[in-house]
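Let me begin by presenting the structure, written as structure tokens, before commenting on it.
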Ligand SMILES: *Cc1c(COP(=O)(O)O)cnc(C)c1O
């Protein structure tokens, strides 16, 4: 993660001290680095080089409009999973021809919305979805470009909640049924088969499951080609992991892309990937302030003003995020701490068993929080959502203001008498 101490020992994002951001915008606050996003996207681009490709940023990782606009300007496409995300990417200036719609539960309304926008492709995940898409497209006198998401039945060896490419998962069409469904897609009105895809999971720290999935999808692609299908693209999904802990060694973006390009061999399909975490994850921190240090006979709790409603990954996946003091006080003794939030759940922790020397009022940075942080946040415990700030060199942009208490119940009403 790109946050480094300055000459005075204070943690900075690019050239801005985190304490200055806390002073100006309050805490909890998500802070992103523009340079880190530009750099990660550039690594994808550089690794594909001359090979025909499209990088589709997975919007669900972080859907802030400023991030979407930045990526659209860099030439990124977008992988969306809802009508809400479609509206966001269009508002951010995305070209419809760069939008791909994934997800197992697309409603008819979402299909109509995407057809009207003229998106590049629907990643279809089941037979009933294929039938619905055909009906919706026909009624709209439109043609939907279709790619089936194949479930290659490979083990991504990641957390079960973010593993999606095994036979028992709800995602994709089973490998052995895909051929039959492709033949059906060819017969149905309103559809045009343009590609094939898969997505096997998230936070993968090894290239071998990607290579295995590619091999399985390619064997199907070759069968389809033999049957006269003209596949224009192959979409390998997202899933490349990032480094949350020092000992983790996920493959570099370049190594991952080169594995895919090499696996494709002499085939001439356009290669697409849908990275989310590997673009936004290490571009953000969650800045929080210590409210209390509470010592019990058993433990030392560092109670901070951010909570599981702001960053749910530790509670949901038992995920590990580094927690660092914004200013290291060398003379303070460290002790074993539980970094927890104010929410009324024992699962409300941001970091367990951390060696920290902190006091009330100190600032902490929860690292690698740029992906699946703000986008998974909620208002649980009637907590307004955090502010979001984008740093660009020495400039600071507020890209989402902190929610107000009034926002929390603005849409609620008393029952009529
Ligand atoms: C979540 C998701 C992604 C992004 O995954 P990352 O691990 O963040 O790269 C891409 N494609 C689909 C279909 C997804 O569901």
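Just to be sure before I move on: is residue 11 assigned to a helix (DSSP H, G or I) and crowded, with 21+ Cβ neighbours inside 10 Å in the structure I sent?
So residue 11 does not fit the description; no.
When you go through 20, 4, 36 one by one, which is the residue that is within 16 Å of the ligand (Cβ to nearest atom) and closer than 30 Å to residue 324 by Cβ? Working first, answer last.
Values: 20 fails: within 16 Å of the ligand (Cβ to nearest atom); 4 fails: within 16 Å of the ligand (Cβ to nearest atom).
From the options 20, 4, 36, the qualifying one is 36.
Could you list, ordered by first residue, the pairs with Cβ atoms under 6 Å in which the first is in the range 114-137 and free of Cβ contacts under 8 Å to residues at least 24 places away in the same chain and the second is in a helix (DSSP H, G or I) and surrounded by fewer than 22 Cβ atoms within 10 Å (Cβ to Cβ), at least 6 apart or interchain?
Here the result reads 118/96, each pair linking the range 114-137 to a residue that is in a helix (DSSP H, G or I) and surrounded by fewer than 22 Cβ atoms within 10 Å (Cβ to Cβ).
Out of all the residues in the range 57-69, which are surrounded by 18 or more Cβ atoms within 10 Å (Cβ to Cβ) and either without any contact (Cβ under 8 Å) to a residue 60 or more places away in the chain or within 14 Å of the ligand (Cβ to nearest atom) (or both)?
Of the residues in the range 57-69, the ones surrounded by 18 or more Cβ atoms within 10 Å (Cβ to Cβ) are 57-64, 66-68.
Correct list: 57, 58, 59, 60, 61, 62, 63, 67, 68.
Among the residues of the range 246-298, how many are away from the ligand (no atom under 14 Å from the Cβ) and either within 16 Å of the chain's Cα centre (by Cα) or within 30 Å of residue 194 (Cβ to Cβ) (or both)?
17
Could you please let me know if residue 81 is surrounded by fewer than 22 Cβ atoms within 10 Å (Cβ to Cβ) and within 25 Å of residue 129 (Cα to Cα)?
yes
Can you confirm whether residue 360 is assigned to a helix (DSSP H, G or I) and more than 24 Å from the chain's Cα centre (by Cα)?
Numbers: assigned to a helix (DSSP H, G or I): no; more than 24 Å from the chain's Cα centre (by Cα): yes.
Answer is no for this residue.
Please go through the range 118-135 and give me each residue that is part of a helix (DSSP H, G or I) and more than 28 Å from residue 200 (Cβ to Cβ), ordered by number.
If we filter the range 118-135 for residues that are part of a helix (DSSP H, G or I), which is where we start, we get 127-135.
Within the range 118-135, 135 is the sole residue that qualifies.
Only one of 93, 109, 105, 75 is surrounded by fewer than 15 Cβ atoms within 10 Å (Cβ to Cβ), within 16 Å of the ligand (Cβ to nearest atom) and under 21 Å from residue 60 (Cβ atoms). Can you tell me which? Give the steps one after another, and end with the answer.
Numbers: 93 fails: within 16 Å of the ligand (Cβ to nearest atom); 109 fails: within 16 Å of the ligand (Cβ to nearest atom); 75 fails: within 16 Å of the ligand (Cβ to nearest atom).
Of 93, 109, 105, 75, the one residue that is surrounded by fewer than 15 Cβ atoms within 10 Å (Cβ to Cβ), within 16 Å of the ligand (Cβ to nearest atom) and under 21 Å from residue 60 (Cβ atoms) is 105.
Would you confirm, using the coordinates I've provided, whether residue 145 is crowded, with 18+ Cβ neighbours inside 10 Å, closer than 30 Å to residue 261 by Cβ, within 16 Å of the ligand (Cβ to nearest atom) and modelled with pLDDT of 95 or more?
Against the criterion (crowded, with 18+ Cβ neighbours inside 10 Å, closer than 30 Å to residue 261 by Cβ, within 16 Å of the ligand (Cβ to nearest atom) and modelled with pLDDT of 95 or more), residue 145 does not qualify.
Name every residue in the range 169-198 that is touching a residue at least 40 places away in the same chain (Cβ under 8 Å), closer than 20 Å to residue 115 by Cα and surrounded by fewer than 17 Cβ atoms within 10 Å (Cβ to Cβ), in order of residue number.
Residues satisfying the conditions are 186, 189, 192.
If you take the residues in the range 205-244 that are within 16 Å of the ligand (Cβ to nearest atom) and part of a helix (DSSP H, G or I), which one is nearest to the chain's Cα centre (by Cα)? Break it down into steps so the answer makes sense when it comes.
The initial filter retains those residues of the range 205-244 that are within 16 Å of the ligand (Cβ to nearest atom), namely 205-207, 209-210, 213-214, 217, 233-244.
Retained after the next criterion (residues that are part of a helix (DSSP H, G or I)): 209-210, 213-214, 217.
On the way: 209: 19, 210: 18, 213: 20, 214: 21, 217: 23 Å.
Step by step, filter the range 205-244, then rank; the result is 210.
The values are calculated or read from the model by the stated rules, or taken from the named source; none is laboratory data. Given the structure is predicted, the values throughout are model-derived calculations rather than measurements. Positions of Cβ are backbone-derived with ideal geometry, glycine not excepted, and every protein chain shown enters the neighbour counts.
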